[in-house]
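The block underneath contains the structure these notes are about, expressed in structure tokens.
Bear in mind these aren't lab numbers, they're just calculated from the coordinates by the rules spelled out. Given the structure is predicted, the values throughout are model-derived calculations rather than measurements. Virtual Cβ from ideal backbone geometry, glycine too; neighbours counted across all protein chains shown.
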Amino acid sequence: MRYIRRPEWALPETKVTPESAFLNRRAILAGMGLGGLSLALPARAATDPYAAAPRNPDFADAGRPVTPEEINGNYNNFYEFGSSKDIAAAARKRLKTDGWTVTIDGMVEREVTLSMDDLIAQVGLEERIYRHRCVEGWSMVAPWIGAPVSKAIALAAPLSSARFVRFESFFDPEMAPGQRQSWYPWPYVEGITIEEAANPLPLLVFGAYGKILANEYGAPVRLHLPWKYGFKSIKSITRITLTDEQPLGLWEELQASEYGFWANVNPEVAHPRWSQATERDIGTGERIPTVIYNGYGPTVASLYEGNPVAMAAGDRLWR
Ligand code: MTE
């Protein structure tokens with residue numbers, strides 16, 4: 001008989017979630033009309049789960065101003081809709097998110113496919129102000145609304161043999177003209193280790209700036225890994241797969257020497273073609289020093305103890 005060790009995240013959420021977060025979620029569900037609590041929420045909040053999402057006090061201040069929405073929403077990387085930063089209009093016009101589902105499968109006890117409403121009802125929503133550092137040398141600060149990745153994965157009860165989490169985006173060249181460019185290995189794929197997924201930082205993002213996620217940010221659900229270069233934070237996710245094989249991301253498949261699996265922000269390790277010592281904040285326009293792990297070292301550094309290769313941005317340094 002095969003013995004399946006239940007990972008911590010397969011426990012009932014009351015056992016693994018700090019009580020405050022659990023109570024917050026109950027409040028959110030109540031706000032959405034799904035829970036049993038009656039709360040004195042403002043009228044707008046009672047009908048709008050994004051506006052009602054409580055700010056997580058651990059991520060209430062990113063130490064830099066939040067990037068204004070009109071700047072952030074007009075400076076995006078979303079290659080499915082074009083290779084410039086100016087893809088917002090195309091993404092708004094073309095990306096259709098009605099009826100979108102996310103499947104969580106692979107090495108799990110029970111595969112699940114959920115609509116966005118069902119997924120949000122099960123994982124809850126909170127607001128976190130996160131710094132974002134792109135490998136190209138620019139950065140911004142975003143007020144995301146979402147839920148820890150670990151909560152979503154727990155819904156499928158991962159097997160103890162799962163070692164990585166693979167995220168896959170949609171594939172629809174009719175909808176996304178960039179996907180007609182066959183030299184990219186579509187669909188967009190990214191991955192992290194199971195230990196990284198269990199860390200509190202990885203966020204599944206359903207909203208931003210107090211509202212449902214705008215298409216240009218990767219609607220209806222994207223990932224954000226604030227200590228890794230931005231290309232790891234895959235947009236418009238359709239599938240989350242638990243696996244024992246290290247996932248091969250789209251950029252790694254294209255150019256492994258420049259875009260490695262780990263991609264942890266590190267000012268000391270230059271990209272093969274440019275320095276990573278500084279970055280330009282697209283909100284303030286200032287050039288500022290880049291910080292190891294984008295400043296999230298206290299939460300994530302222990303994941304990489306004894307693994308020096310994980311500190312290199314490019315695979316060439318560690319293959
Ligand atoms: N996800 C998909 N599906 N397609 C993409 O082109 N670009 C990545 C990442 N996720 C990308 C993606 C890159 S390079 C970055 S820097 C961030 O999304 C950009 O997120 P933003 O537009 O919200 O700043």
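Fewest first, what order do W186, W262, W274 take by the number of other Cβ atoms within 10 Å? Placing the least packed residue first, the sequence is W274, W186, W262. Inter-label distance, K96 to S84: 2.6 nm, where each label sits 7 Å from its Cα along the C-beta direction. Sort out for me the Cα centre separation of the stretch 160-199 from the stretch 273-305, rounded to whole Å. Cα centroid of the stretch 160-199 versus Cα centroid of the stretch 273-305: 24 Å apart.
Listed values for the stretch 224-240 are Karplus-derived 3J(HN,Hα) couplings in whole Hz (6.51 cos²θ - 1.76 cosθ + 1.60, θ = phi - 60°), namely 9, 10, x, 9, 10, 4, x, 5, 6, 8, 5, 9, 6, 7, 10, 9, 10, and x replaces Gly and Pro. For the pair R110 and I71, label points projected 7 Å from Cα toward Cβ lie 4.6 nm apart. Pairs K85/K232; K211/K235; K211/K232; K93/K235; K85/K211; K96/K228: which are spaced more than 20 Å apart, C-alpha to C-alpha? Going by Cα-Cα distance, K211/K232; K85/K211; K96/K228 fall outside the 20 Å limit. With K and R counted +1 and D and E -1, the other residues having a Cβ less than 14 Å from that of D61 yield a net charge of +2. For the listed peptides 162-170, 284-292, a ranking on the average number of other beta carbons within 10 Å per residue, highest first, reads 162-170, 284-292.
For the stretch 63-212, dividing the convex hull volume of the Cα atoms by the residue count gives 136 Å³ per residue.
Rounded is the label for the stretch 53-318, because the ratio a/c of its alpha-carbon gyration tensor axes (a ≥ b ≥ c) stays below 1.5. The modelled label-to-label distance between Q181 and T299, using points 7 Å beyond Cα along the C-beta direction, is 3.2 nm. Going by neighbour counts of Cβ atoms within 10 Å, the residues D86, D281 line up, fewest first, as D86, D281. Taking amide hydrogens as placed 1.01 Å from N in the peptide plane, the amide H of T278 sits under 5 Å from those of T290, each at least 5 positions away in sequence or on another chain. For the stretch 185-284, the pair-distance distribution built from all alpha carbon pairs, in bins 10 Å wide starting at 0, is 13, 42, 36, 9, 0 percent. Relative contact order, whole percent, for the stretch 53-318 stands at 21, derived from Cα pairs under 8 Å and 6 or more residues apart. Using 0.36 nm per residue and subtracting the Cα-Cα separation, the extra length available between E258 and D117 on full extension is 47.0 nm.
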